2 protein chains.
Amino acid sequence: MKKLDNYSLLNQETLLSTSNGYVGMRANFEEGYKNGYTSITGTYINGFYDTSEIYYDEICYGFPRSAQKMVNVHNAQGIYIYIDGDIFNVFDGNVIEINRELDIKNGYAIRKIRWQSPKGHDLEFTFKRMASFAKLELLTIDVKIKSINYTGDIQIISKIDFTVDSFLNVDDPRAGNDSEAMLQLRSVKSRDNTHMLISDTINSNLCVATCCSYNVPMDFKHGETSTNAKCILHINADESVHFIKYITYTDSIHHKNIENTAIQIAKQSALEGINFYYDEQKKYLDKFWQYAYIEVNDDKNVEYALNYNLYQLLSSAGKDKYSSIGAKGLSGGGYDGHYFWDTEIYMIPFFTLTMPEVARNLLKFRYQVLNAAKDRSKEMGHKTGAKIPWRTISGSECSSYYAAGSAQYHINADIAYAIIQYYLFTKDIDMLKEFGYEVIYETARIWLEVGNYNLKGQYCINTVTGPDEYTAIVNNNYYTNSLAKYHLEWAVKLGDVLKDDDRKAFNSLCQKLVIVKDEINEMQKAAQNMLLPFDDKLNIHMQDDSFLNKKEWDFENTPKDKYPLLLHYHPLHIYRHKVLKQADTILSYVLLDNVREDVMKDSYYYYKQRTTHDSSLSPCVHSMMASRIRSTHEAYDYFMSTIRLDLDDINRNTKDGLHIANAGGAYMAMVYGFAGLRIKEDGIYLRPVKPNEWNSYSFKINYQGQLVKITVDKAITIHCEKQIEITIYDKRYVVKKKLHINLV
Amino acid sequence: MKKLDNYSLLNQETLLSTSNGYVGMRANFEEGYKNGYTSITGTYINGFYDTSEIYYDEICYGFPRSAQKMVNVHNAQGIYIYIDGDIFNVFDGNVIEINRELDIKNGYAIRKIRWQSPKGHDLEFTFKRMASFAKLELLTIDVKIKSINYTGDIQIISKIDFTVDSFLNVDDPRAGNDSEAMLQLRSVKSRDNTHMLISDTINSNLCVATCCSYNVPMDFKHGETSTNAKCILHINADESVHFIKYITYTDSIHHKNIENTAIQIAKQSALEGINFYYDEQKKYLDKFWQYAYIEVNDDKNVEYALNYNLYQLLSSAGKDKYSSIGAKGLSGGGYDGHYFWDTEIYMIPFFTLTMPEVARNLLKFRYQVLNAAKDRSKEMGHKTGAKIPWRTISGSECSSYYAAGSAQYHINADIAYAIIQYYLFTKDIDMLKEFGYEVIYETARIWLEVGNYNLKGQYCINTVTGPDEYTAIVNNNYYTNSLAKYHLEWAVKLGDVLKDDDRKAFNSLCQKLVIVKDEINEMQKAAQNMLLPFDDKLNIHMQDDSFLNKKEWDFENTPKDKYPLLLHYHPLHIYRHKVLKQADTILSYVLLDNVREDVMKDSYYYYKQRTTHDSSLSPCVHSMMASRIRSTHEAYDYFMSTIRLDLDDINRNTKDGLHIANAGGAYMAMVYGFAGLRIKEDGIYLRPVKPNEWNSYSFKINYQGQLVKITVDKAITIHCEKQIEITIYDKRYVVKKKLHINLV
């Protein structure tokens, strides 16, 4: 990654960003940019937000009046290095070599530059950045300067800045809207070789502190909206100096005393030294990769790209009860840092299978904000239940365009699906008792509110939008109805599970939630009679009641530069056509795996022809379905564009942040796709295929405490620690330590 | 109308406003209000607008970026009268008597107050306000002060004010949005006993001048944003003085030199004197009422209310090529002064039947702005054709909520319908040649763009919203499809009419519009195969494909204060239910009169049960349909609430302006309703009924130059000047001067 053109730099800011799930920093240059370069400078705290009013030219009842937005907090990236009067930067002087990479095993990003100053001094700079997994408040920037031929002083100015330069594309609804000021500076301070900024959000009544400490003594000077720390180091030719900036972020959601905590951690870090934190980082990641790492023996590029995505999932995931995973993680301001359904459907499966404790925590987030969802349900006209917001940070609905927002009722089932799947995989019944069942039940109530029986006695869910946002406000979206059916069935079944486990505890839960037998019967009846639109002639499920009556899209005469369609056609024009952003019928097949294979196949090819993949959530699903119907070559192609989506900026918006759901999709395309893993009532199912391009691949899961390794080559080999039961190609096996059977 | 409570005053501001179709002034008190009173002070010029940016939190392609808004122009209402140091106003001193009325025969509003000043002087004030139909730029305020017991000086200060106090309800999408400044003051001037303000719009590059002249010499003094004219008159007890303010408005859309024109008209008016303009007004109105006046012999209250509505129609209608009729006429800022489909469907019928030259002009407005509609068509994804904007002033789409805006494709057919009906009534083939056919054809093209054949070969129009905005984004809305069918049929037929009339002229029109035979065939085929959703079991047309599968609305448990539903329920909740704002299927029956009577009847009762009449466009339609199926008592009830809608503030928002479409609906409920008039290919049809409450009613039409009077009592009697053909109860008659047949 050597390119210095603006486009590449913007992408690298995202791709090389460093995050730990609490705080994330884009990979902006410490020394800044040349005039004329645009940069999206950003540092974000997961779950930390301001609110801003939403203005509507024509308002309707129930439109959210304000939205949370992830705050671009104080910028602590600035480090300005002066060599004999020249300021180091890659645009002046002579860059002899530059190299940037993200080391996913050690958990830091490195930028290495061999540079000749305008005055001819030769030096090598190494910037190492880390977001510590061991100490979530801590980011470090470790600068090593090696002199080739320069002897003299190096002056370093390190800055914390209140103002953040950013730019956004007002025409792209997917970009964030962070043009408004969201913070106001409260104070600038320094003490004990640390300095800090403290600011308050404008509307949400929150505050954030940023404190820096250093490995060398500094002189501090405060400006009006920034604070500088200065030192002068001496260097001799052929020697190195080391400058380390320990940056801590604290905020009033997560910390009681943001000022003291920030200073204390910053000071402690400087005291313990950078190597201590590098070691801790390595330890954390060794444990992570022990379960997460996927091997593709014959293609190290694929292996890197795939595991790069897994690393980003880890880096993005909130690890406390106040946060989940934003659409862009903490790598950019796209989608305003909101949490969507993507977390549950695309990202949590990875954590469920490899880090169940992180999955459990992410699932619990929805419980933390369940009251807001119950309020939203009332606002949407329902008498009871919880309506999960389409996009949110602190729990209330932030979607101002309901057709592709609040209308996506399926998010209720998606959240429940993730909890159910987690339960079936872990058998963590305490989770159900603690919060899981309450979320499942309250969200299930919505289906009784929203649905009704048609004249044929079929249960209809009308006037909703499925995941495919290229048709909106439809009746009986197959995805929605099929997931709602699953949701309702399990809302009933898990009640029985809980009752059997502890009747008294269950009864008191029933009292709390006012669960009555009639309601449970209604749920069962609705599930049994759920309308799942099917066309006999085409042998496919219809995306919704009317999909087949729509006009065909003229793909032949749609030039490439008209994609994504949403940026070039009015929504009504798109909605009116048989054209998909992502095939949600196919996603239902992947998630539920409950229809005949010939139907899967016919549907897949029907929708494939009409799917633009304008959503980054789309190709991975096609990859999984293609694997499922044994069209491995197609699966491989979709898999490749999935794992390279951000690395190659396929959707031309990586600069706004990583597509974290796609990263989860990359994992799923491998594990649910090629390996065909499914979690069902009676345990794990596998149905592996292998792309011709590889001789073997392998991955591991954390199955109820056992590390299970699955290797697929000409055969499928399963290693477990003790004993597991597993279903392969629909045949059940008891595996004691090892199983080896041939691929079908 | 004597009430001085704030609520009544706000309503009176609207009800007693004076307009002539070019300029309109709300009936605010000349002397202003007491502290704590809110008033919507307003003066509006038809078609005069500023533009303002529309902000979207989540924008999609093709959302209009700016909207025109009717400007609340300079306020020239202020007249402050000082009696012995006391300022006259109705809140201080002692109001012995107050009376206000709109004289619809003479064309002015009168306010008469017998007042005792705080010092005990007894006087009588008469304010007469007129918007001149003879001189459209002219408004007059004529103040007569009669002294009972006061002898001394009266000081009068007359004002033109740049700033306008107004207030609006930000939560009501139907109110206007005129909180932003739309004007900036350019200059304040006085000369020749006139004074004036000239201002420029902020964004639309237009300007407006307001000039006042007087019947007495005045002293002028300019403030920063206003100009005052002062005079002192002497009065003796038992004598009167007369003060007249001639107010002229000019604007840069309608006038080349706004300053000179305004001054010239103001001076000329003062010179000619008020009585000249009263005479002209009377002459104009005598001619108007000659055709328009409706008699209800047994109920003078009904007769007044009905003709009050007709007077407001006249007062609201643009009489030049730059303007049409706003949703509130010129009586208030509601709906930002936008023109909707209401003009063509609810208001133009009145003009077609009584003042065809005004109708013709209103129809032409859409031609003036056809290019904007063609641009909009492209923006909406269509290759050709014109897409009429849902709401506009100068021609571009101003609707920011497309579900109840741009999605209402039916407006294309509505505009065409009005032109076709006008043609069939007047046989004005020149209108077709001059502009009518071009509008019909370009708007008809949209149906080929938007529609497609389903697998059964039926022509579908998907993803549109019908007039009933309580279901949105549906497929095959019956109203839309049935009107589109009519539109397409006549686009083809009128081509033949033009060809037969003048083949050469038609050919050159075909060249201009690139009309080819294939396209005409496609139109014919689409019309023939148009899907008109019908349910055999219920014997009704379905409002759209999915209407019957929706959930029933729980009317029983919906308290009265939850109406109109749109202000209390999320749109998705409303859309999901069998609940109507207005029954558009029934409106189609009224307009097209082309279905079996049993179907009309069954549909009417089916939809009636589910219609809230939350739209002011609704009750009149039910009245017409009830008459059509001979349920005269129901028709009468709907008729009564129609004619009293604004007079009794039934919808609780008369303060925002008159419901002009409802005024047109009042006319139609009488003429299309009770008298059962329809305009068909072979002329006029009547199917009269008579409410039991009346012994007789009568109205007149201007039928191809002949005044035709229709009287309904126990019989129907038709008087015409020469000879007409007419169909009564489906039987054809040739009427020579008079026809008399019994009612069925």
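Just so it is clear, none of the values below were taken in a lab; they were calculated from the coordinates. Everything quoted here is computed from the prediction, not taken from an experiment. In this analysis, Cβ positions are derived from the backbone assuming ideal geometry, glycine residues included, and neighbour counts consider all displayed protein chains.
Using only Cα atoms, figure out Rg for segment B:333-407 and give it as a multiple of 2.2 N^0.38 Å.
That ratio works out to 1.17.
Please average, across the residues of A:375-385, the number of beta carbons from any other chain that are within 10 Å of each residue's own beta carbon, and give a whole number.
Working: counts 0, 1, 0, 0, 3, 5, 10, 2, 2, 0, 0.
Going residue by residue through A:375-385 and averaging, the value is 2.
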May I ask you to derive the relative contact order of chain A, considering only C-alpha pairs under 8 Å and at least 6 residues apart, and to give it as an integer percent? 12 percent
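If you wrap a convex hull around the alpha carbons of the protein assembly as shown, what volume per residue comes out, as a whole number of Å³? Could you put the intermediate results ahead of the total?
Numbers: hull volume 317.7 nm³, N = 1488.
Output value, Cα hull per residue: 213 Å³.
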Using only the alpha carbons of segment B:288-389, what is the convex hull's orientation-averaged projected area in square nanometres? 7.6 nm²
If packing is taken as the mean number of other Cβ atoms within 10 Å per residue, what is the order of A:261-269, B:351-359, B:67-75, highest first? B:67-75, B:351-359, A:261-269
Please compute the alpha carbon radius of gyration of segment B:203-303, then divide it by the globular-protein estimate 2.2 N^0.38 Å. Two decimals is fine. 1.53
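If you take the square roots of the eigenvalues of the alpha-carbon gyration tensor of segment A:298-338 and sort them as a ≥ b ≥ c, do you get rounded (a/c under 1.5), prolate (a/b over b/c) or oblate?
Values: a/c = 4.86, a/b = 2.07, b/c = 2.35.
Oblate, since a/c reaches 1.5 and b/c is not below a/b.
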By counting other Cβ atoms within 10 Å of each Cβ, how are A:212, B:231 ranked from fewest to most? B:231, A:212
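At 4 °C and a viscosity of 1.567 mPa s, what translational diffusion coefficient does Stokes-Einstein give for segment B:1-119, taking Rh as the Kirkwood radius over Cα pairs? Give it in µm²/s as a whole number.
Numbers: Rh = 16.9 Å.
It diffuses with D of about 76 µm²/s by this estimate.
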For segment B:465-589, average projected area of the Cα convex hull in nm²: 10.5 nm²
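Take the alpha-carbon positions of segment B:293-681, form their convex hull, and give its projected area averaged over all directions (one quarter of the hull surface) in nm². Could you put the intermediate results ahead of the total?
Working: hull surface 73.3 nm².
Averaging across all directions leaves 18.3 nm² for the Cα convex hull.
I want the local charge near residue A:517. Using Cβ-Cβ distances under 13 Å, sum +1 for each Lys or Arg and -1 for each Asp or Glu among the other residues. The partial results should precede the final answer.
Details: positive: A:499, A:525; negative: A:496, A:518, A:519, A:522.
Taking every other residue near residue A:517 into account, the sum is -2.
May I ask you to order A:460-473, A:536-549, A:591-604 by the average number of other C-beta atoms within 10 Å around their residues, highest value first?
Working: A:460-473: 26.0, A:536-549: 19.5, A:591-604: 17.2.
Output ranking for A:460-473, A:536-549, A:591-604: A:460-473, A:536-549, A:591-604.
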Per residue of B:396-402, other chain Cβ atoms within 10 Å number on average 3
Students often check this: by mean Cβ neighbours within 10 Å, which of A:433-446, B:402-415, B:701-714 ranks highest, and how do the rest follow? B:402-415, A:433-446, B:701-714
Scalar couplings 3J(HN,Hα) for segment A:119-136 by Karplus 6.51 cos²θ - 1.76 cosθ + 1.60 (θ = phi - 60°), nearest whole Hz, x for Gly and Pro, are 7, x, 7, 10, 9, 10, 10, 10, 9, 10, 10, 9, 9, 6, 7, 7, 10, 5
Computed ³J(HN,Hα) along segment A:423-436: with the Karplus parameters 6.51/-1.76/1.60, θ = phi - 60°, integer Hz and x for glycine or proline, the list is 5, 5, 7, 9, 6, 7, 5, 4, 4, 4, 5, 5, 7, x
Residue by residue through segment A:657-669, the couplings from Karplus 6.51 cos²θ - 1.76 cosθ + 1.60 with θ = phi - 60°, in Hz, x for Gly and Pro, are x, 5, 8, 5, 5, 5, 4, x, x, 4, 4, 5, 4
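With N residues in segment A:390-529, what two-decimal value do you get for its Cα radius of gyration over 2.2 N^0.38 Å?
Details: Rg = 15.5 Å, N = 140, 2.2 N^0.38 = 14.4 Å.
Taking the Cα Rg and dividing by 2.2 N^0.38 Å, one obtains 1.08.
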Each residue of B:59-67 has, on average, a number of other protein chain C-beta atoms within 10 Å of its C-beta equal to 5
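Got a sec? How would A:447, B:341 order by Cβ neighbour count within 10 Å, fewest to most?
Working: A:447 27, B:341 22.
Listing A:447, B:341 from fewest to most nearby Cβ atoms yields B:341, A:447.
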Semi-axes, largest first, in whole Å: what does sqrt of 5 times each Cα gyration tensor eigenvalue give for chain B? 45, 29, 26
Per DSSP H run of at least 4 residues, take -39500 (n - 2.57); add these up for chain B, divide by its residues and hand me the 222 nm value, nearest 500 deg cm²/dmol. -9500 deg cm²/dmol
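Please report the equivalent ellipsoid semi-axes of segment B:22-289, computed as sqrt(5 x eigenvalue) of the Cα gyration tensor, largest first, in whole Å.
Values: eigenvalues 229, 92, 69 Å².
Calculated on Cα positions only, the semi-axes equal 34, 21, 19 Å.
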Could you work out the relative contact order of segment A:6-287? I mean the mean sequence separation of Cα pairs under 8 Å and 6+ apart, divided by the number of residues, in percent. 18 percent
